[in-house]
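Student: Below are the structure tokens for one structure; questions will follow.
The values are calculated or read from the model by the stated rules, or taken from the named source; none is laboratory data. Predicted model, so just to flag it, every value in this text is computed and none were measured. Neighbour counts are summed over all protein chains in view; Cβ atoms, including those assigned to glycine, are modelled from backbone coordinates with ideal geometry. The area values use the complete protein model at the heavy-atom level, side chains included, leaving out ligands, DNA and RNA. Shrake-Rupley method; radii C 1.70, N 1.55, O 1.52, S 1.80 Å.
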Amino acid sequence: MIYYRYNNSTECIRFESSEYTSLKQALQQLRSKIVVLDILTAGNGSDHTSGVTVLSSLIDIGVIPAYGHATKKDPAMYLQWMQIYRAIDNPLVFFTEKHSVAKEMISIRQGKPTIVVVIVKESTWAFGYLGPRYSNIFDDENYPKHHPNTVYSDYASVTHLKFELMQILTIWNYFNTESAAWLDIGAYKNAVDDEDFRSFTIRNLPGYDQTKVTLNYIRDPKPRERNHRYIMKYSPSIFAGGFWIGHINPLKQFVSEYRKHVEILLGEGLANCEEQVMASMFVDGTQFQPHAEVQPFRALNYEGCDRWLCLAHRTRELGLS
């Protein structure tokens, strides 16, 4: 294991770290203000050209209590679900704001290709910029309340952070893979609960179109849900945000347009989570016409599959050793 420590500014104490140097260049290219504190690595960092880099993060936003159909969100649950990463053979890039979590992930990975980046949460676009603005919108008593999406600004911010981090990855691409996938910590929680830690490799699905990003399509929108203002205020989910995969170049365009779309919506006084932003991008065909193309993985075609996580589950099934 290689361990580097940086100070609280963006200046690096040990400039010989190739991991930090390449990451710093990517951040500069994106004009990102993210502050990097530490980088931990494990395994072989050599070329993995034909594969898929898995990108994940764990950011502590505290306990969000259960309400209605929404289940309790507890950091302890996510620490338990992290155990599945011992079974994933892909190279992993992982972001967190806690050194203890970073070291735990390195231990879980057991020498598999891994790079863990410790950041200052408040230095990100998602938390430092969107967070306060979302809080102001959610504090408006007239803005519809859908727990937790439009109640807790940190919850919304952590969903938007996925796209900020993927944008960094598409520039940095430390493992030099042709594709990347976003993976929520809890995507394989059922496997962890069942203590099923069989090794598997995440790959693009057979018949994958390299020009498009594959999204988990939950259901067809109702007529009234084809309006971005309705989507952002009343929280229907058309695409799931827990797992998505694509070739690096289409992903680069997708996440760039996603961030611009968030800003457009914010300018209209609209705030919500990533699933609603994606729906407003690709469902409201009259208002927005993104250049990024997506291919829907239709979860309804798989009986008995969790519609929000069906793409992740199918990918695991195909990748089991």
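Student: Need the C-alpha centroid separation for segment 106-168 versus segment 221-276, integer Å.
Tutor: After rounding, the separation between the Cα centres reads 15 Å.
Student: How large, in percent, is the carbon and sulfur part of the accessible surface of the chain at a probe radius of 1.4 Å?
Tutor: 47 percent
Student: Taking GluC sites (Glu not before Pro) that fall in a DSSP loop and have at most 13 other Cβ atoms within 10 Å as cut points, what is the longest piece of the chain between them? Display every interim value, and only then the final one.
Tutor: On the way: sites that count: 11, 16, 141, 195, 268, 303.
Value returned for the longest uninterrupted segment is 17-140.
Student: With just the Cα atoms defining each centre, how far is segment 277-307 from segment 182-214? Give it in Å.
Tutor: Distance between centres, Cα-based: 18 Å.
Student: Let me have the 222 nm mean residue ellipticity of the chain computed from DSSP H runs of 4+ only, each contributing -39500 (n - 2.57), with the sum over all residues rounded to the nearest 500.
Tutor: The helix-only estimate for the chain comes to -10500 deg cm²/dmol at 222 nm.
Student: For an R0 of 45 angstrom, estimate the FRET efficiency from the Cβ-Cβ distance between residue 219 and residue 107 and round to the nearest 0.05. Before the final figure, lay out the partial values.
Tutor: Working: r = 39 Å, r/R0 = 0.87.
Plugging the Cβ-Cβ distance into 1/(1 + (r/R0)^6) gives 0.70.
Student: Can you give me the accessible area per residue for the chain, using a 1.4 Å probe, in Å²?
Tutor: It amounts to 44 Å² per residue over the chain.
Student: Any chance you could look up the accessible area of residue 89 with a 1.4 Å probe, heavy atoms only, rounded to 10 Å²?
Tutor: Surface open to solvent at residue 89 totals about 60 Å².
Student: Would you rank 96, 21 by solvent-accessible area, highest first, keeping every protein chain in place and using a 1.4 Å probe?
Tutor: Correct descending sequence by accessible area is 21, 96.
Student: Okay, moving on. Quote to one decimal, in nm, the extra length available between residue 67 and residue 257 on full extension: 0.36 nm per residue of separation minus the C-alpha distance between them.
Tutor: Taking residue 67 through residue 257 to full extension adds about 65.2 nm, to one decimal.
Student: Compare 247, 291 by solvent-accessible area with a 1.4 Å probe and give them largest first, with all protein chains kept in place. Walk me through the numbers before you get to the answer.
Tutor: Numbers: 247 40, 291 140 Å².
Descending order: 291, 247.
Student: Could you tell me which trypsin sites (Lys or Arg not before Pro) in segment 174-280 are loop residues by DSSP with no more than 14 other beta carbons within 10 angstrom of their beta carbon?
Tutor: Details: sites: 189, 198, 203, 212, 219, 224, 226, 229, 233, 252, 259, 260; in loops: 198, 203, 212, 219.
Answer by residue number: 198, 219.
Student: Output the direction-averaged projected area (hull surface divided by four) of the convex hull of the alpha-carbon atoms of the chain, in nm².
Tutor: The orientation-averaged projected area of the Cα hull of the chain comes to 15.8 nm².
Student: Compute the length gained on full extension between residue 86 and residue 291: take 0.36 nm times their separation in residues and subtract their Cα-Cα distance, giving the result in nm to one decimal. Each step should come with its number before you reach the end.
Tutor: Details: separation 205, 0.36 × 205 = 73.80 nm, distance 3.67 nm.
Here the answer is 70.1 nm.
Student: Distance in nm between label sites at residue 139 and residue 29, each 7 Å beyond Cα in the beta-carbon direction?
Tutor: So the label points at residue 139 and residue 29 sit 3.9 nm apart.
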